[in-house]
Amino acid sequence: MLRHLLTLAVAATLLAPLTSFAEDAPVVPVAPAAPTAPAAPVAPKKHDHLGGKISAVDATAKTITLTHHKKDTVVTIAADAKIYKIGDVKGSPTGTFADLTVGALVTTHITGDETAPTATEVHLRAPKTTAPVAPAAQ
């Protein structure tokens, strides 16, 4: 151990004068950077899923109105939208626009912004039910 400490001390003593050369190096001027255009503002992330209960259906306009947290949003259903019924396997939708009825719970995959969303996929969901509580046995 003493031998290692002695080796380190000698190495430090021999290398110390070499560090002064770095301080004597001439300063090289650096050309100023070219001005850059300001960064474009980052758009907020658009929601790509929208869910809720269907409160209205317009078959002529191919739209549904979803109610979620007491807010209504009109969603256009794309002509090539995939409509998945409960139990459908991903990639094999069997639903049609006629399956989108008032009161149904759905989750949609949307494009566009929140003011004019267009659904490319619609997934019908099972309604949440509460099982009746059986009376306690006495």
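Yes/no matrix, rows are residues, columns are (1) at pLDDT 90 or above; (2) surrounded by 13 or more Cβ atoms within 10 Å (Cβ to Cβ):
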residue: LYS46; (1), (2): no, no
residue: VAL57; (1), (2): yes, yes
residue: ALA61; (1), (2): yes, no
residue: LYS70; (1), (2): no, no
residue: THR73; (1), (2): yes, yes
residue: PRO93; (1), (2): yes, yes
residue: ILE110; (1), (2): yes, yes
residue: ASP113; (1), (2): no, no
residue: ALA119; (1), (2): yes, yes
Requested in this report: Under 9 Å between Cβ atoms, at least 6 apart or on separate chains: pull out the pairs that start in region 99-118 with a residue that is in a strand (DSSP E or B) and end on any residue that is basic (Lys, Arg) and surrounded by 12 or more Cβ atoms within 10 Å (Cβ to Cβ).
Outcome: LEU105/LYS53; LEU105/ARG125; VAL106/LYS53; VAL106/ARG125; THR107/ARG125; HIS109/LYS82
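The values are calculated or read from the model by the stated rules, or taken from the named source; none is laboratory data. Just so it is clear, the model here is predicted, and its values are computed rather than measured. All Cβ positions, even for glycine, are placed from backbone atoms using ideal geometry, and neighbour counts span all protein chains on display.
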